[in-house]
Amino acid sequence: MDTKGVLSSPSQSQSTAQLKYVQELATSGEEPPPKYFHKNVNDKGNQVTTDDSLSVPIIDISRLTSNASIEEKEEEMGKLKSALNSWGMFQAVGHGIPQNLLDDMYNISKKFFDLPVEEKQRYALSKDDEIFDLQGFGSDSMGANINGQVLDWSDRLRYWPGDDSPLNFRRTLDEYSVQVRSVSEIILKEMAKSLGLEDDDFLNQLGDRQYVYTRFSFYPPCSRPDLVYGLKAHTDGGAITFLLQDPEVRGLQVHKYDQWVSVPCMPGALLVNIGDLLQIMSNGIFKSPLHRAVTNTERTRISVAMFYLPHMDQEIEPVAALIDESNPRKYRRMKAKDFLEAFFQTYLQGERVYDWASI
Ligand SMILES: O=C(O)CCC(=O)C(=O)O
Ligand SMILES: [Fe+2]
């Protein structure tokens with residue numbers, strides 16, 4: 001989830017202030033303005049690991065489905081459980097989504113971001129709703145610089161189903177959404193089973209009117225990757241996120257063992273991560289990972305994140321079967337809408353929503 005959709009006039013204090021999009025800043029040849037600089041870059045816990053043995057787990061979804069043998073299933077289920085418990089993230093292979101559809105998704109994203117800025121501005125951010133003014137094309141500098149928040153080096157296209165879609169987005173995106181949704185159902189069922197729950201315990205809470213929010217991110221090269229991040233450290237607020245990574249340019253990092261671990265490009269794989277909502281529904285057994293995207297001086301990077309959320313009226317809470325005397329309830333029951341409002345607020349204050357939701 002993103003939290004920076006509040007619209008206001010861009011600040012005029014920089015010589016580059018009229019450049020609203022990171023793409024324009026990148027091509028201007030100037031240094032990034034200081035409002036993109038992170039100050040804590042040398043802090044403990046901010047180092048990128050050099051330990052090659054640390055790597056995000058890989059899960060073969062085909063080994064979890066009915067065609068696999070019992071032994072295969074058990075083995076993969078064990079891996080899934082440990083991935084969710086220790087990383088909160090994994091690379092999904094064997095998911096069954098055809099490579100040409102993944103390529104099409106990447107290509108429509110690239111085609112959109114390659115358009116001239118004036119053309120993309122036709123899809124500029126519009127404020128439709130109090131919380132969810134997060135749609136259309138935009139960048140951090142178009143939002144309020146709340147609490148001096150450091151800006152991300154990325155332009156984004158945010159999309160809710162039913163929005164007007166640029167180009168020939170609709171068909172490819174619809175097809176991709178349908179396929180990702182069925183993978184997400186398989187995974188959510190396996191997640192529940194791995195905890196000894198009924199298959200549908202997580203899915204039922206998400207309800208049959210799930211929201212799917214898609215964010216296309218465009219990270220142009222940056223002359224100061226030592227100070228500027230493509231996307232600042234955050235956890236995702238939804239239940240589960242599917243990330244189609246750039247097939248060639250890496251940039252995603254996940255925080256683990258008090259350091260950052262770089263996530264390799266893995267063409268054909270989908271990066272799956274738990275969001276805060278699923279951490280809550282699992283009563284904290286699954287972890288919503290802190291992650292970020294870094295920049296580089298050479299190459300543009302594109303990613304497409306798909307976030308699954310319950311309908312705003314849905315109530316969420318830890319699944320009852322996970323709570324007993326030795327495992328007390330950690331989070332309270334709340335409406336998805338209240339949860340998401342709190343997500344925005346806590347994010348802006350540099351806190352985590354599950355602290356807010358804690359009992
Ligand atoms: O671009 C990436 O690799 C990360 C995207 C992400 O974390 C997000 O959109 O929430
Ligand atoms: Fe994220």
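State whether the residues of the range 151-165 include one that is modelled with pLDDT under 85 and not in a loop (DSSP other than H, G, I, E, B). Checking the range 151-165: at least one residue is modelled with pLDDT under 85 and not in a loop (DSSP other than H, G, I, E, B).
Would you please name the residue that is surrounded by the fewest Cβ atoms within 10 Å (Cβ to Cβ), looking only at residues in the range 47-62 that are assigned to a loop (DSSP other than H, G, I, E, B) and among the charged types (D, E, K, R)?
Kept after step one, since they are assigned to a loop (DSSP other than H, G, I, E, B), are these residues of the range 47-62: 47, 49-57.
Those left that are additionally among the charged types (D, E, K, R): 51-52.
Numbers: Asp51: 9, Asp52: 6.
Going through the qualifying residues, I end up with Asp52.
This table checks each residue for (1) touching a Lys or Arg at 6+ places or on another chain (Cβ under 8 Å); (2) surrounded by 13 or more Cβ atoms within 10 Å (Cβ to Cβ); (3) modelled with pLDDT under 90.
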residue	(1), (2), (3)
Ile302	yes, yes, no
Phe307	yes, yes, no
Gln314	yes, yes, no
Asp324	no, no, no
Lys330	no, yes, no
Met334	no, yes, no
Ala342	no, yes, yes
Tyr347	no, yes, yes
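Checked against (1) closer than 24 Å to Asn107 by Cα; (2) of a type outside the set (Asp, Glu); (3) under 19 Å from the mean Cα position of the chain (by Cα), Gly238 meets all criteria but (1).
Filter the range 78-102 down to residues that are in a loop (DSSP other than H, G, I, E, B) and in contact with a helix residue (DSSP H, G or I) (Cβ under 6 Å, 6 or more places away or on another chain) and give me whichever is farthest from Leu54 (Cα to Cα). Before you say what the answer is, go through the steps one by one.
Here is the first cut: in the range 78-102, the ones in a loop (DSSP other than H, G, I, E, B) are 87-88, 94-98.
Filter once more, keeping what is in contact with a helix residue (DSSP H, G or I) (Cβ under 6 Å, 6 or more places away or on another chain): 94-95, 97.
Values: Gly94: 22, His95: 23, Ile97: 27 Å.
Looking at the filtered set, the residue picked out is Ile97.
The values are calculated or read from the model by the stated rules, or taken from the named source; none is laboratory data. Keep in mind the model is a prediction, meaning the values are calculated, not measured. Because the Cβ atoms are built from the backbone with ideal geometry, glycine has one as well, and the counts that use them run over all protein chains shown.
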